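Since the structure comes first, as structure tokens, the remarks are kept for the end.
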Amino acid sequence: MTTPLTEHDVRAELNAWLDNAWDPSIGLAAWRERLVSSGWAMPSWPVRWYGKGLPVWADKTVADEMRTAGVVGPPLGSGMSLAAPTLLEHATDDLNEQLLRPTLTGELRWCQLFSEPGAGSDLAGLTATATLDGDEWVVNGQKVWTTSAGHADMAMLVARTDWSAAKHHGISYFVLPMRQPGVEVRPIVQMNRHASFNEVFLTDARIPVGNLVGTLGDGWRIARTTLAHERTFATLRPPRYATDGPRHPVIVEAEAEAAEHFKTYIWYPQRAGRADLVVDRARARVVHTDPVVRQEIARLVSFALASEWTAARGRAARALGRPPGPEGSLGKLAASEVARRAARVHSLIAGAGALLTAGDDPSDAVIAEVLVSTPAQSIAGGTDEIQRNIIGEKILGLPREPSSDTDRPFRDHA
């Protein structure tokens, strides 16, 4: 009988490899090539696809150990968190041969072209089209709310390939090269004055025929894989590396990479409501003894803690090898509720001062940004209404929401 692999075993094997392999003087690209070749970048992946075939929990164990040791890991962004897991599950071997390794090394950067002006929550109602022309697909349409489109090399794209099929069945999933004349990216300035998102116009953009992910017409199912990973939110916190000793190239380049990546997400803590600030803000405003304020803070903090425990259960399920499921919708819905409650509590504490965008206290401007950013939490990654539908159907076993357009050709109601 084979002895089960333990976290101690994985840590010991990793550290033995790092003792010989970690060299921060060789530069980030060279280090990532070495890391990917070793299988330690994503140890749960199959050996063929640059992993070690270890259990899913090994990914977090290895990432934690590398972070503790001050060792640079795989690149940040949607390439690793969304594109690579989707490709690994659904793409052909040829497509994975082309894309997985350069995604792991950071050579390829990604964005996600899903939402459209007329098809946000109802993603299956999208009207961007992909038409086969010889050995290429020709894409026309508009996408919106796209993060990192301005510097992405590749995009996860869903487009309509069959107007005669029902709306969920005429969609296909593609990998679109972003750096071509048919792709125009325009930044969107938000009401919190940040410009983290873009609208993308596709005019006769070209996709090689082999960049179809999965089978023709199966894009809705594959897109749900991506969305399930999107709803398992990770903490948007830059990695920290040891600062004592020489500033080696790998560390300098990795910190610059992280700084550039997190520019997009600088306002995301405010989007989440900043529940962590309410106690200190109440004390600073000398309202922490007010019974109403105390009660509302207690309600908020207890709900936020319950939400964190729910998210922890989801992470535990992933560590056991289970794919992302409807529990991600519970976490997403809870995060929206935390944000709304936190905004209300901040307003209660600050009063009209919550509208200040500058003042003697630097945190005043943070609270103002919270109030104009929290609505986004209920929209990003699938609206609250969509999450409730998923929870009702997949967790509670309720019947599907009535729909009159599931069987008709999409062209009849587009």
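On inspection, residue 339 passes the criterion of being modelled with pLDDT of 85 or more and either surrounded by fewer than 17 Cβ atoms within 10 Å (Cβ to Cβ) or over 26 Å from residue 167 (Cα atoms) (or both).
Taking residue 97, is it of a type in the set (Asp, Glu) and within 26 Å of residue 227 (Cβ to Cβ)? For residue 97, the condition - of a type in the set (Asp, Glu) and within 26 Å of residue 227 (Cβ to Cβ) - is met.
Is there a residue in segment 97-113 that is buried (at least 19 other Cβ atoms within 10 Å of the Cβ), aromatic (Phe, Trp, Tyr) and over 27 Å from residue 212 (Cα atoms)? The answer is no, given that none of the residues of segment 97-113 is buried (at least 19 other Cβ atoms within 10 Å of the Cβ), aromatic (Phe, Trp, Tyr) and over 27 Å from residue 212 (Cα atoms). Residue-level check: of (1) of a type outside the set (A, V, I, L, M, F, W, C); (2) crowded, with 19+ Cβ neighbours inside 10 Å; (3) closer than 30 Å to residue 54 by Cβ, residue 270 misses just (3).
Quick grid of which residues meet (1) of a type in the set (A, V, I, L, M, F, W, C); (2) closer than 22 Å to residue 249 by Cβ:
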site: 16; (1), (2): yes, no
site: 27; (1), (2): no, yes
site: 38; (1), (2): no, yes
site: 48; (1), (2): no, no
site: 57; (1), (2): yes, no
site: 74; (1), (2): no, yes
site: 78; (1), (2): no, no
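I'm trying to understand the selection: among the residues of segment 289-323, which are surrounded by 15 or more Cβ atoms within 10 Å (Cβ to Cβ) and outside any helix (DSSP H, G or I)? Matches in segment 289-323: 290 only. Applying a threshold of 6 Å to beta carbon distances and a minimum spacing of six or more residues, or different chains, the list of pairs starting in segment 23-38 at a residue that is modelled with pLDDT of 95 or more and ending at one that is in a loop (DSSP other than H, G, I, E, B) reads 32/106; 35/41; 36/50.
The values are calculated or read from the model by the stated rules, or taken from the named source; none is laboratory data. Every value quoted in this text rests on a predicted model; they were computed, and no experiment measured them. Ideal geometry is used to build each Cβ from the backbone, glycine not excepted, and the neighbour counts take in all protein chains shown.
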